[in-house]
Amino acid sequence: MMETAIAKPTEENSPMAEPASAKRGRKSRQPAEEVARYFLSKEGSSLTRPELGEEAANESEALIKAFQSKGSVIYVVMSYQAEAEVQGGNPILVKRPLQK
């Protein structure tokens, strides 16, 4: 009878055997994918005072349009939101990428 009280862990009871979807806990700390947006410079803008003009769908399109307009500058914009995460009772500021 003593043997049944000291049961060896089987694969079924092993934490490694649990599917990831069955686990519950905190939100994933994996960062969301950063999304870059591409803009041509607005006519009359300068490097000291940049102004966003037309948005391009992707980097390739932005490069082509900038080349065609002879001298247009491309701006790459990434948007984030600042949030506080509490770790061990201490708030830590983190940036979260925003989607378009």
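The values are calculated or read from the model by the stated rules, or taken from the named source; none is laboratory data. Everything quoted here is computed from the prediction, not taken from an experiment. Counting neighbours? That spans all protein chains shown, and the Cβs are built from the backbone with ideal geometry, glycine included.
Whether any residue in segment 37-44 is exposed (fewer than 10 other Cβ atoms within 10 Å of the Cβ) and either of a type outside the set (Lys, Arg) or modelled with pLDDT of 95 or more (or both) is what I want to check.
Checked segment 37-44: at least one residue is exposed (fewer than 10 other Cβ atoms within 10 Å of the Cβ) and either of a type outside the set (Lys, Arg) or modelled with pLDDT of 95 or more (or both).
Just need a number here: residues in segment 65-86 that are surrounded by 11 or more Cβ atoms within 10 Å (Cβ to Cβ) and either in contact with a Ser or Thr (Cβ under 9 Å, 6 or more places away or on another chain) or of a type in the set (Gly, Ala, Ser) (or both).
8
For every residue, the table says whether it meets (1) touching a Pro at 6+ places or on another chain (Cβ under 9 Å); (2) of a type in the set (Val, Ile, Thr).
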| residue | (1), (2) |
| --- | --- |
| Leu47 | no, no |
| Glu51 | no, no |
| Glu55 | no, no |
| Asn58 | no, no |
| Gly71 | no, no |
| Ile74 | no, yes |
| Gly89 | no, no |
| Pro97 | yes, no |
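Mind checking which residues of segment 52-68 are in contact with a strand residue (DSSP E or B) (Cβ under 7 Å, 6 or more places away or on another chain) and part of a loop (DSSP other than H, G, I, E, B)?
Within segment 52-68, just Asn58 meets the criteria.
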